[in-house]
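Here is the structure we will look at, set down as structure tokens.
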Amino acid sequence: QLPMAVIVAAARGGVRAETEQTQGLSNMTAHLLLKGTSRKSAVDIATTVESWGGILAPFSGRDGFGLSLQLLTEDLEQGVGLLRELLADSVVPEPELELQRQLVLKELASRDDDVFDVGSRLLRRTLFTHHPYRFDPMGSPDSVSRLTRADCRRFAQERLAAGNLVVSV
């Protein structure tokens, strides 16, 4: 038995909670949760997780979004505390939003060179004509370009609430 633990905080969201104009909001919000709280910078967060030998990752998909933290069981209590802080006290710094936006836009552009990815997206748009599953979890260049700090903060406050969030250890 390995002395490892995984904490996953998953909230209802993903493309099901998005519109044509807000595609990619769950993805952007999940990534920005790691970029700072009122007490910790993105560097502080990354350094802390690295000092534990852990892995902290955002995720977003069709029906949900959130964070996953892998770490040693001896650091579990501190990991739970960090995850709570990230979920409850993320500040979504504007410079981090702009950096994340550029990363997403570059990734979206690079995916157009992958014939299987292009085909998969086209199939989803064809099959799910009027359903949110037609959206790409990363968003579209237009929607990602329009997302604001206020959009991400509002989405996090609404979605990362007790009745909409599951935390599993």
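The values are calculated or read from the model by the stated rules, or taken from the named source; none is laboratory data. All values reported here derive from a predicted model rather than from experimental measurement. Please note: Cβ atoms are built from the backbone with ideal geometry, for glycine as well, and neighbour counts cover all protein chains shown. SASA here: full protein model, heavy atoms, side chains in, ligands and nucleic acids out. Shrake-Rupley method; radii C 1.70, N 1.55, O 1.52, S 1.80 Å.
Figures for the structure shown
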item: Residue check for VAL6: open to solvent by 50 Å² or more (accessible area, probe 1.4 Å), outside any helix (DSSP H, G or I) and on the phi < 0 side of the Ramachandran plot; result: yes
item: Boolean, PHE59 is open to solvent by 40 Å² or more (accessible area, probe 1.4 Å), closer than 21 Å to THR37 by Cβ, in contact (Cβ under 8 Å) with a residue 12 or more places away in the chain and of a type in the set (Phe, Trp, Tyr); result: yes
item: Unmet criterion (only one of (1) within 24 Å of ARG12 (Cα to Cα); (2) in contact (Cβ under 8 Å) with a residue 12 or more places away in the chain; (3) not aromatic (Phe, Trp, Tyr)) for ARG39; result: (1)
item: First in region 104-122 and under 17 Å from GLN23 (Cα atoms), second anywhere and among the hydroxyl-bearing types (Ser, Thr, Tyr) and surrounded by 11 or more Cβ atoms within 10 Å (Cβ to Cβ), Cβ under 9 Å, 6 or more apart; result: LEU105/SER145; LEU108/SER140
item: Count - residues of region 87-125 that are closer than 14 Å to ARG153 by Cβ and in a loop (DSSP other than H, G, I, E, B); result: 3
item: Inter-residue pairs, beta-carbon under 7 Å, first under 12 Å from LEU99 (Cβ atoms) and open to solvent by less than 30 Å² (accessible area, probe 1.4 Å) and in region 21-35, second assigned to a helix (DSSP H, G or I) and acidic (Asp, Glu), 6+ apart; result: LEU32/GLU96
